[in-house]
Amino acid sequence: MDTYDLITRNAEEVVTDEEVRELAADPEGKRAYVGYEPSGVLHLGHLLTANKLIDLQEAGMEVVVLLADVHAYLNDKGTFEEIRDTAEQMKAQFIAYGLEEDQTEFVYGSEFQLDEEYVLDLHELEVSTTLNRAQRAMAEIQGGETAKVSHVVYPLMQTLDIEYLDLDLAVGGLDQRKVHMLAREELPELGYDVRPALHTPIVADLTSGEGKMSSSGGVTISMEDSTDELEEKVNSAYCPPTRDPEGDLENPVLELFEYHVFPRFEEITVERPEKYGGDLTYEAYESLAEDLESGELHPADAKGTLATYLDELIASGREKLRELRAEE
Ligand code: IYR
């Protein structure tokens, strides 16, 4: 796969394409990052952007994972101490998942976001950004509750992170796009360079095919799930025999194959008894999706296979989590 295709595969949006093409022409040593509010257990939402970081490492880029402890604090996720503890667990799970420790820079936000220079830049951004603009940038991240002052500081800090971590590319789910747009507008105001952004898709809810998977109340697959739980969740997933269900619905089973399984495995095998046609093997998402649409691959077989591969993907993170909990 050529470098541009590898960098942009499964991306929902790149801003701008021209800037990312320039990066792809000379990726060696360029720095990309994702920031995560620490949470004790990784779920597929985290792993989707982690897959992109693995692509970027393969393309020769340096990868930074920001454990955004101060951001989580501003977003009311617990005491600072609790957040630091969960950040440690998060880091261990990322490494277990496949982000090589010696090729990934893990940085705590609090390591640089409390420095005088950063804080003064933050205050300058507070002066130059309207409340309305900052609130709009936060709308999707904050999730509806009454805005606090911290919620408008948050996207301004995320803007500064791009400069202070000396990055060439900001990566995030599509829910981060408004913050990255704000960053593109505001960084030049402080005399800093504009950086490109790459956004990964938001996977639909597993059982309904609607909205987004990590939304509250929906089913999420996480590092905590046992093999049985995972199988049960995948088996109850919405999986019509098409990649394009009616209206706003998506096929979450196909999405998980596309964004989680195919990027991490060279070949996928669907095991079937001889009387149902025997095993099927796929090297690319497209051929699996086509077989589901044509009826060659039954949704039940697709689900069983998906559960097996997802289980393999989370197995070492699950084991790590068990170890960490046993130590507590
Ligand atoms: N807003 C992210 C967390 C986050 C991301 C980046 I990129 C930062 O520089 C800081 C925080 C979230 O919603 O999880």
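Each value in this text was obtained by applying a stated rule to the coordinates, not by laboratory testing. What you see is a predicted model; the values in this text were computed from it and never measured. FYI the Cβ positions are ideal-geometry reconstructions off the backbone, even for glycines, and counts take in every protein chain you see.
Some values worked out for this structure:
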quantity: Volume per residue that the Cα convex hull of segment 1-139 spans, once the total is divided by residue count, Å³; calculated: 146
quantity: Range of Cα positions in segment 75-205 per principal axis (Å), largest first; calculated: 41, 33, 31
quantity: Cβ-based charge dipole, the chain, positive-most Cα from L306, N75, P241; calculated: N75
quantity: Partners for K77 among lysines (Cα-Cα distance below 16 Å; same-chain residues under 8 apart left out); calculated: K148
quantity: Ranked M1, M90, M223, M181, criterion: other C-beta atoms within 10 Å, fewest first; calculated: M1, M181, M90, M223
quantity: When segment 87-130 is reduced to its Cα atoms, the Kirkwood hydrodynamic radius in Å; calculated: 12.8
quantity: Dipole moment magnitude, nearest 20 debye, the chain about Cα centre, only Lys, Arg, Asp, Glu C-beta charged; calculated: 780
quantity: Semi-axis lengths, Å, the chain, gyration tensor of Cα atoms, sqrt of 5 times eigenvalues; calculated: 35, 22, 19
quantity: Spatial extent of segment 159-225: Rg and Dmax, with the Cα atoms as the point set, Å; calculated: 15.7, 47
quantity: Lys, Arg +1 and Asp, Glu -1 on Cβ, resulting dipole of segment 31-164 about Cα centre, debye, nearest 20; calculated: 620
quantity: Between segment 161-218 and segment 57-130, the alpha-carbon center distance in angstrom; calculated: 14
quantity: Rough spin-label spacing in nm, given labels placed 7 Å along Cα→Cβ, for R322 and D193; calculated: 4.6
quantity: Rg to Rh, two decimals, where segment 227-327 supplies the alpha carbon set and Rh follows Kirkwood; calculated: 1.02
quantity: Ratio Rg/Rh, restricted to segment 251-292 and using Cα atoms, in which Rh is the Kirkwood radius; calculated: 0.99
